[in-house]
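The values are calculated or read from the model by the stated rules, or taken from the named source; none is laboratory data. Just so it is clear, the model here is predicted, and its values are computed rather than measured. Don't worry about glycine lacking a Cβ; one is built from the backbone with ideal geometry, like all the others, and counts go over all protein chains shown.
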Amino acid sequence: MGNREAAAHLLRRTTFGPTAAQVDAAERAGVDATLAALLAPTGPDLGAAATPIPALGPDPYAALSGKSTREQRQQAQQQRRQQVQTITQWWISRLVAADHQLSEKLVFFWHGHWATSVQKVKSAALMLRQQETFRRYGRGDFGVLVTAMVHDPALIFWLDGQRSTRQAPNENLARELMELFTLGIGNYTEDDVKAGARALTGWVVERTSGEARFNQRRHDSEPKTIFGRTAAFDADSYADLLVRQPASATFLARRLWFRFGSGEPMTAATEQRLTSAYGAGRDVTALLRALFRDPAFAGTAGGLVKQPVEWAVGAMRQLGITVTALDGQSRKQLTNVANGLDQVLFRPPSVGGWPAGTAWLTTSSTQARLRAAAVLAGLASTTVLDRLAAAPAAGRVDALARLLVVDRWTDRSRAVLTPAVGNIRQLLTFGLVSPEYAVH
């Protein structure tokens, strides 16, 4: 793999879609320096600053009471839906505009990992609060993040933690904490689940304020035995116990490899290097650094299918689409594009998150991408259109590869693209739905 291909490979995995200029800069700086800047960005993120977190105001349901009319409840419900639409459009804008791309991609990873859906939580404010937890703690000690998440109002509500009492512990949150968030199947017993549920009792969500509050009377303060240890575990000490299990480091390394490395399992040697880097400090950034610097990483090129959000946001970045500059009708088009791709932000289909890999390469998903690609090509900036049009017709397919940061076209894709060189928007559309763009 040449220097440019190595730089492009790193940027495709660590961003939502690098531009050709960014690949040029990475090639000049070198892969090591580029990775260092991605992991520890310096200076302000001007793109993020241009897309500030929306001020939603109070939860519309906070003003309701037992005396509220049906019309008032319907109005509050409509206002809640509007708030959800606002934060969804905002996050798309943020992903496109942000300069610190790896930070944004890691937040997106955690959203899929701690898969929490606003369809049940209902509150846009709680979903934004959870995202801020990912931003604040998602790059450091994994134990700190897990502790924060067992107190997260959206997650508590999503997994019925607020219904859990010492008389009737609800096992949903405890089970998913072990199975999907920290350890993986086979690394705990049913007795551990039951005892963990007891440790988590007492936390409730105040629906008017959105705060998570500890109610001592609902908490089971008696000793519990978890993983062979007996103590009066509560939520914090239970979270600490989970991340101290040897299986936790392996579990997280595999999850990050699956999303940033390859859909195929890593070798035992790579796994050992990643878990060693993670270390006693449970350092997520150190784990990522080890992943991207691992000798096996270079061989993963072409081994990941882009998730729909990655695909769409990357296309917007490379086509020069500034979401905040679009008119209302164009923004609505983008929202419809996102919904049509079946991966709607803040709405994972289950606690297991979204599907991955070839699940996104079905006939129906390809047709959805084709429709979306046509919309995106229609919104491409004049700068991008003029640059492609300025290329000689014989070199326009290669110019498209540079624009979309595709290393090379197969003969089959080139045969499809070449007849479209006279129609720039059609050429863009075909490039966006090519196998080389869908799999990176």
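Computed quantities for the displayed model
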| item | result |
| --- | --- |
| Residue list for the stretch 126-160, restricted to those being at pLDDT below 95 and either in a helix (DSSP H, G or I) or surrounded by 22 or more Cβ atoms within 10 Å (Cβ to Cβ) (or both) | PHE157 |
| Residue that is surrounded by the most Cβ atoms within 10 Å (Cβ to Cβ), among those in the stretch 419-440 that are outside any loop (DSSP other than H, G, I, E, B) and small (Gly, Ala, Ser) | GLY431 |
| In the stretch 203-227, the residues that are basic (Lys, Arg) and in a loop (DSSP other than H, G, I, E, B) | ARG207 |
| Qualifying residues in the stretch 46-80 (those that are within 26 Å of the chain's Cα centre (by Cα) and β-branched (Val, Ile, Thr)) - the one surrounded by the fewest Cβ atoms within 10 Å (Cβ to Cβ) | ILE53 |
| Every residue from the stretch 304-327 that is within 30 Å of VAL146 (Cβ to Cβ) and either touching a strand residue (DSSP E or B) at 6+ places or on another chain (Cβ under 8 Å) or free of Cβ contacts under 8 Å to residues at least 24 places away in the same chain (or both) | LEU304, VAL305, LYS306 |
| Residue count, the stretch 333-361 (criterion: surrounded by 12 or more Cβ atoms within 10 Å (Cβ to Cβ) and part of a loop (DSSP other than H, G, I, E, B)) | 16 |
| Verdict on SER330 being over 30 Å from ASN172 (Cβ atoms), in contact (Cβ under 8 Å) with a residue 24 or more places away in the chain and either not in a helix (DSSP H, G or I) or not hydroxyl-bearing (Ser, Thr, Tyr) (or both) | no |
| Boolean, GLN83 is crowded, with 17+ Cβ neighbours inside 10 Å and either of a type outside the set (Lys, Arg) or outside the structural domain of PHE181 (by TED's automatic domain parsing) (or both) | yes |
| Tally of residues being over 17 Å from the mean Cα position of the chain (by Cα) and surrounded by fewer than 21 Cβ atoms within 10 Å (Cβ to Cβ) across the stretch 109-121 | 2 |
